[in-house]
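Reviewing the structure listed below.
The values are calculated or read from the model by the stated rules, or taken from the named source; none is laboratory data. Quantities reported herein were computed from a predicted structural model and do not represent experimental measurements. A quick note on method: Cβ atoms are made from the backbone with ideal geometry, for glycine too, and the neighbour counts reach across all protein chains shown.
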Amino acid sequence: MSKKALITGITGQDGAYLSAFLLDKGYEVYGMVRRSSHAGVADHRLRWLGIAGDVRLVDCNLLDAAALIRLVAEVKPDEVYNLAAQSFVATSWAQPSLTGQVTALGALNVLEAVRTAAPEARFYQASSSEMYGLIQEPVQSEQTPFYPRSPYAVAKLFAHWATVNYRESFSLHASSGILFNHESPLRGIEFVTRKVTDGVARIKLGLSTELALGNIDAKRDWGHAKDYVRAMWLMLQQDVADDYVVATGRTTTVRDMCAIAFAHVDLKMEDHLRIDPALYRPAEVEVLLGNPAKAKEKLGWTPEIGLELLIAEMVDADLARLAKR
């Protein structure tokens, strides 16, 4: 019989790519979605990948613990991937309570549902490099102390330690992937990489003349979401659950990432980039650089898609989207 996977946040970037990856491996994929009045819109990423008809979407909400328990009992999953969250850092300052409820307590609810209704299932928690925040070491590993700098990062840290606690308290096969920034053509338009590639595409097509950004000297370790969902799956195939940093080991400024995008369409960044102080964060995370040595050694995982190819793919996808309009 094929394995069953239950994915929260299936309509997001990672959920869509993970679904495609698992379907290729013969899994039955169930995806949890919130009820929305915008029916038919939320699954656009699944439709973009051509798999919307291959996954089974089920209505549920991270904040409804009883409903989660019923869902897990009904699906009887072999693997549970908790990817759902209020995941945009900037919004977490405007909506800190919601971020805490969904990103922190929502993860706890999923863990409790697994413990209660499917204790043999293997659980994955989507942790974040934002938990390192004000970095305590120049290169961040699983041993680096956390110092979160946003309500989002604080909420993710709660979910991360809850996963460790359930693993140690109840012997759940519960692993966390401390994923550094990972992007793709499916990235939300509010995130900086997609804001850049969409902006560059608009300028190239004559739909805009400038791109407004905040702190372009912030450095991030960017990889491709396709590579990172493979790491998620590998964690749940291990005999022993554990936590892993998933990163490329290369950090790049927003400025240099922008330059790659503009150069891809033969434009000069300095002719179009405008700095908007209103876009600065209240507390900035200046540098993130991950050490993926443990993932490489124990999971056999290495990233396959470099930053230049990633940005080119994103720009080309945005050019194609905008041209269709």
Test: residue in the stretch 122-129 that is at positive phi and either aromatic (F, W, Y) or at pLDDT 95 or above (or both): no
From V229, V139, residue being under 18 Å from L18 (Cβ atoms), in the same structural domain as W48 (by TED's automatic domain parsing) and either crowded, with 18+ Cβ neighbours inside 10 Å or at pLDDT 95 or above (or both): V229
Some residue of the stretch 160-177 being crowded, with 18+ Cβ neighbours inside 10 Å, closer than 25 Å to I311 by Cβ and in contact (Cβ under 8 Å) with a residue 60 or more places away in the chain: yes
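Could you say which residue among D243, D227 is in contact with a helix residue (DSSP H, G or I) (Cβ under 9 Å, 6 or more places away or on another chain), of a type in the set (D, E) and in contact (Cβ under 8 Å) with a residue 60 or more places away in the chain? Spell out the reasoning first.
Details: D227 fails: in contact with a helix residue (DSSP H, G or I) (Cβ under 9 Å, 6 or more places away or on another chain).
So the residue among D243, D227 that is in contact with a helix residue (DSSP H, G or I) (Cβ under 9 Å, 6 or more places away or on another chain), of a type in the set (D, E) and in contact (Cβ under 8 Å) with a residue 60 or more places away in the chain is D243.
Kindly indicate whether any position in the stretch 189-206 is part of a loop (DSSP other than H, G, I, E, B), more than 14 Å from the chain's Cα centre (by Cα), in the same structural domain as H272 (by TED's automatic domain parsing) and touching a residue at least 60 places away in the same chain (Cβ under 8 Å). Write out each step before concluding.
Filtering the stretch 189-206 down to residues part of a loop (DSSP other than H, G, I, E, B) leaves 189-191, 205-206.
Those still in the list that are more than 14 Å from the chain's Cα centre (by Cα) too: 205-206.
When the remaining residues are screened for being in the same structural domain as H272 (by TED's automatic domain parsing), the result is 205-206.
From what is left, the residues that are touching a residue at least 60 places away in the same chain (Cβ under 8 Å) are 205.
The answer is yes; a qualifying residue exists.
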Residue that is surrounded by the fewest Cβ atoms within 10 Å (Cβ to Cβ), among those in the stretch 244-258 that are within 16 Å of the chain's Cα centre (by Cα) and part of a strand (DSSP E or B): Y244
Restricting the stretch 102-113 to residues that are closer than 9 Å to I69 by Cβ and not charged (D, E, K, R), the residue that is surrounded by the fewest Cβ atoms within 10 Å (Cβ to Cβ): N109
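Being over 16 Å from I178 (Cα atoms) and touching a His at 6+ places or on another chain (Cβ under 6 Å) narrows it down to one residue among R122, R115; which is it?
Numbers: R115 fails: touching a His at 6+ places or on another chain (Cβ under 6 Å).
One residue alone meets the criteria, R122.
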Of the criteria (1) part of a helix (DSSP H, G or I); (2) within 21 Å of the chain's Cα centre (by Cα), which one A67 fails: (2)
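Go over the candidates F191, F180 one by one and state the one that is at pLDDT below 95 and either buried (at least 23 other Cβ atoms within 10 Å of the Cβ) or among the aromatic types (F, W, Y) (or both). Before you say what the answer is, go through the steps one by one.
Numbers: F180 fails: at pLDDT below 95.
Just a single option satisfies the conditions, and that option is F191.
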Hey, L236 under 21 Å from the mean Cα position of the chain (by Cα), at negative phi and at pLDDT 95 or above or not: yes
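Evaluate the stretch 76-83: report whether one residue or more is of a type in the set (S, T, N, Q) and either over 16 Å from M232 (Cα atoms) or over 19 Å from the mean Cα position of the chain (by Cα) (or both). Working first, answer last.
Restricting attention to the stretch 76-83, the residues satisfying the condition of being of a type in the set (S, T, N, Q) are 82.
So of that shortlist, the ones also either over 16 Å from M232 (Cα atoms) or over 19 Å from the mean Cα position of the chain (by Cα) (or both) come out as none.
The answer is no; no qualifying residue exists.
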Condition check for K76: touching a residue at least 40 places away in the same chain (Cβ under 8 Å), loosely packed, with under 14 Cβ neighbours inside 10 Å and of a type outside the set (G, A, S): yes
Pair list, Cβ under 8 Å, 6 or more apart: the stretch 296-319 residue closer than 15 Å to V192 by Cα, other residue crowded, with 19+ Cβ neighbours inside 10 Å and of a type in the set (D, E, K, R): L310/E183; M314/E183; M314/R187; M314/R194; D318/R194; D318/D198
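I'd like to check something: does the stretch 284-305 contain any residue that is under 20 Å from E190 (Cβ atoms), part of a loop (DSSP other than H, G, I, E, B), touching a helix residue (DSSP H, G or I) at 6+ places or on another chain (Cβ under 9 Å) and at pLDDT below 95?
Narrowing the stretch 284-305 to residues under 20 Å from E190 (Cβ atoms): 284-285, 288.
With part of a loop (DSSP other than H, G, I, E, B) added as a condition, the list becomes 284-285, 288.
Now restrict to residues that are touching a helix residue (DSSP H, G or I) at 6+ places or on another chain (Cβ under 9 Å): 285, 288.
Cutting the leftovers down to at pLDDT below 95 gives us 285.
Yes, because at least one residue in the stretch 284-305 is under 20 Å from E190 (Cβ atoms), part of a loop (DSSP other than H, G, I, E, B), touching a helix residue (DSSP H, G or I) at 6+ places or on another chain (Cβ under 9 Å) and at pLDDT below 95.
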